[in-house]
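Trainee: Below are the structure tokens for one structure; questions will follow.
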Amino acid sequence: MERRAGWVSRVPESLWSRPDVVAALRCRDIAGLLVLIRRYAGCSQNDLAGVTGIAQGRISEYMRGRRLPTLDTIERIADGVAMPPQCRRLLGLAPERR
């Protein structure tokens, strides 16, 4: 799946300091985090699929809690939405992908 350059720039920097986003990161609530990113960044599941390389249907499954993402998938999400290092740490990831 081709990644769409440019969408990441639409994620407002303020998103990462919102209390509900921080809570989702701390709880490692990927479904909630994806919902919040969609809500506050104004993106679609297809946008998320494009920047992460994860199929839209799989993104939907994660958002509905029907499937749990692997650590590699969580890394791909963090990379795709240009998650800042401090947020990656809250999520339990290394500050940057190796």
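Trainee: Of the accessible area of the chain, with the probe set at 1.4 angstrom, what percent is carbon plus sulfur?
Mentor: Reported share for carbon and sulfur atoms: 48 percent.
Trainee: As an exercise, use a Förster radius of 35 Å and the Cβ-Cβ distance of residue 26 and residue 46 to find the FRET efficiency, rounded to the nearest 0.05.
Mentor: 0.80
Trainee: Roughly speaking, what is the stretch gain from residue 97 to residue 39, that is 0.36 nm per residue apart minus the C-alpha to C-alpha distance, in nm to one decimal?
Mentor: Taking 0.36 nm per residue and subtracting the Cα distance, the gain is 18.3 nm.
Trainee: What accessible area per residue, rounded to a whole number of Å², is obtained for the chain using a probe radius of 1.4 Å?
Mentor: Value returned for the chain: 56 Å² of accessible area per residue.
Trainee: When only alpha-carbon atoms count, how far does region 25-86 stretch along each of its three principal axes, as whole angstroms with the largest first?
Mentor: Result for region 25-86: principal-axis Cα extents of 29, 22, 20 Å.
The values are calculated or read from the model by the stated rules, or taken from the named source; none is laboratory data. Predicted model only: the values in this text are computed from it and were never measured. Note: ideal-geometry Cβ built from the backbone for every residue, glycine included; neighbour counts use all protein chains shown. The protein model used for the area step is the full one, side chains on, heavy atoms only, and it has no ligands, DNA or RNA in it. Shrake-Rupley method; radii C 1.70, N 1.55, O 1.52, S 1.80 Å.
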